[in-house]
Structures are given as C-alpha cells and as structure tokens.
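Take a look at the structure below.
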C-alpha cells in the first residue's frame, strides 16, 4: 500500500505516462512499432519511480519490479533508483535506501540504476548533488561508472527540455563530478546523444542530422550515446543499423563503443534481447559475449593518475581495441 508522503511526492515529481508519448512531447513522427517500443521505456521508468516513492520497504519494491518483463525491468529499476535518490537526498541522509537497492536486487541493473540517479539530479538543486551517489565500495563498477549518472542527467534534460538542450544546443555548466569538472559536459553530451535516438524515433537520418547540427567538438560524445541507445533500446532493423554505422563516419569507434557498453549492460543484467544482439553485431562487429569481454578487458585502473577520469580511459581503451579489430 502507498504511503501518504510517498503519494504526495509522486504527484509532485512524476510525469504522467501520457506526458512521455511522442505526441505529448512533440517529437517527429516515426513508424508505429518504433514509437510503441520507445514510449514504453520512459513509461517503465515512471512506473518504477512511482513504486519506489510509494513502497514501504525494499521487499515490497523488489516484488513489484520483478513483475516487469525482463527486457523492461532495468528501466523500472532506473525509475525506482531515481525515487530513492530523491528521498535520500531530500531527507538529509546519504544514500541508505539507494545503497541498499543498488547493492541488493538492483545490482544486476547497476548501469541503468546509475542513470536513474541522474534523473533524480534533474529534479534536485545542485547543492544536493553531492549526496546522490551512495558509497558502493565493493561493487566492481564503482566509482568509475558513476559518470552514467551525469549521462542520465543529460538524457533527462534533452528529453524534457528539447528546445533548450537540442534545438538551441545549450552548453551545460561544469560541475566537479568525481574531481573532473572539465569532463562533466562530455558525459552530459553522451546522454543527449542517447536522447536523440528517442526523440527521432530510431530514424537514422533524423538522428544523424540532429547530431550534425551540434558543434563539431560535441559529435564524438553524441555518437557514443546514439550507439548505446540504439543497442540497448532498439527500434531499428539491421539495414537501418548498417546505415547508422555509415552515417557515423569518422566517429564509428564512438558509436561502436556505445554499442559495446550497452551489450555489456544487457549481458550483466542476464537478459539480452534479440535487437541488442543484432545491434552490437552490426555496429561493433562483435557478438554479445565478445563485446562484454572486450568491455571487461578494457577497464582502466581507477587509482591511476590521469587528466581524465577512469571512465573516459575505459571508453578510450574500448575504442582502441575496436579500431584494432577493424584493421585486423
């Protein structure tokens, strides 16, 4: 049963399911099948958020999330993490509920739950951002992958404030995330790139044209986000994916790196849809198992001193290996 406080938070913070439809957002038209697939994803996030806000304890939340079909379950965990992050940050704590979820039943979906933290950031004032990531010491993807929270923030802003972040191409202000303020806008652009895949209904020409309208220095990060979304979310057939790879041109390695990370996330969660397996094969030239292994083998030492975060070193290593395989 929902709590009174939870219900109030839900009403104040949660968009309706209708609000994330293409018609409500004013996104360009796309084939009905792609629209239905891509609308279902933010709707799963909203359901997870509502359950996270209302649930009396983790047991109840986990039972609800387990009812979601495997392909969409990670997105529901995204929403639940967003809810618990908001509750923890606004309550003055430091991630107790979020930490319990991410180290517990949410761990297989850790890549998406980090993104859920970013969705919460979009609804919290910046002074509270220092509280949003709990201590996940012991998790193999902490702290390097916490940059996915910034990616999630960028996706949220582009999806819900499309005119400002996509049409007007707003450049985000820096923030000292993980001690690397200069990298912050890059991670946001990776999230904006993911959003472009949704905004344009997985239609390759629309996505490619949208990327091209941004300043050239932003294209690499945008294409990486496109590759991740195309592989994880789907919505495009093999012929369209082959065209997407050609459209990426000099940024093929960035597109393929995004696809590799998406395949790794799907594999880690224990469910790889056919569209994800097809996408990583077309975009990166690798089957899922090989892509996941490449991602693991490319991880950077988080303790290494570098001008860029370990997350970017990881991404660079993936791109280097992909280029080597392409030339072999």
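The values are calculated or read from the model by the stated rules, or taken from the named source; none is laboratory data. Note that the coordinates shown come from a computational prediction; the quantities given were computed from them, not determined experimentally. All Cβ positions, even for glycine, are placed from backbone atoms using ideal geometry, and neighbour counts span all protein chains on display.
Values as computed for the structure displayed
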| item | result |
| --- | --- |
| Filter result for residue 76 (surrounded by 21 or more Cβ atoms within 10 Å (Cβ to Cβ) and either modelled with pLDDT under 95 or over 30 Å from residue 206 (Cα atoms) (or both)) | no |
| Members of the range 273-301 that are surrounded by fewer than 17 Cβ atoms within 10 Å (Cβ to Cβ) and in a loop (DSSP other than H, G, I, E, B) | 273, 285, 287, 301 |
| Condition check for residue 239: assigned to a helix (DSSP H, G or I), surrounded by fewer than 21 Cβ atoms within 10 Å (Cβ to Cβ) and either within 13 Å of the chain's Cα centre (by Cα) or without any contact (Cβ under 8 Å) to a residue 60 or more places away in the chain (or both) | yes |
| Which listed residue is modelled with pLDDT of 95 or more, outside any loop (DSSP other than H, G, I, E, B), under 26 Å from residue 150 (Cβ atoms) and more than 19 Å from the chain's Cα centre (by Cα), from 250, 316, 312 | 250 |
| Filter result for the condition that a residue is closer than 23 Å to residue 265 by Cβ, in contact with a helix residue (DSSP H, G or I) (Cβ under 6 Å, 6 or more places away or on another chain) and surrounded by fewer than 18 Cβ atoms within 10 Å (Cβ to Cβ), over 134, 140, 108 | 108 |
| Members of the range 163-195 that are surrounded by 19 or more Cβ atoms within 10 Å (Cβ to Cβ) and under 25 Å from residue 38 (Cα atoms) | 165, 166, 186, 187, 188, 189, 190, 191, 192, 193, 194, 195 |
| Among the residues listed as 270, 258, the single one being more than 21 Å from residue 33 (Cα to Cα) and crowded, with 24+ Cβ neighbours inside 10 Å | 258 |
| Which listed residue, of 128, 67, 148, is surrounded by 18 or more Cβ atoms within 10 Å (Cβ to Cβ) and at negative phi | 148 |
| Flag for residue 302 being at pLDDT 95 or above and more than 19 Å from residue 225 (Cβ to Cβ) | no |
| Which numbered condition residue 116 misses (of (1) at pLDDT 95 or above; (2) surrounded by fewer than 16 Cβ atoms within 10 Å (Cβ to Cβ)) | (2) |
| Helices (runs of 4 or more DSSP H) wholly inside the range 128-223 containing at least 1 residues that are over 18 Å from the mean Cα position of the chain (by Cα) | 204-212 |
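This table checks each residue for (1) part of a loop (DSSP other than H, G, I, E, B); (2) surrounded by fewer than 17 Cβ atoms within 10 Å (Cβ to Cβ); (3) touching a strand residue (DSSP E or B) at 6+ places or on another chain (Cβ under 8 Å).
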residue	(1), (2), (3)
15	yes, yes, no
36	no, yes, no
41	no, no, no
50	no, no, no
63	no, yes, no
83	no, no, no
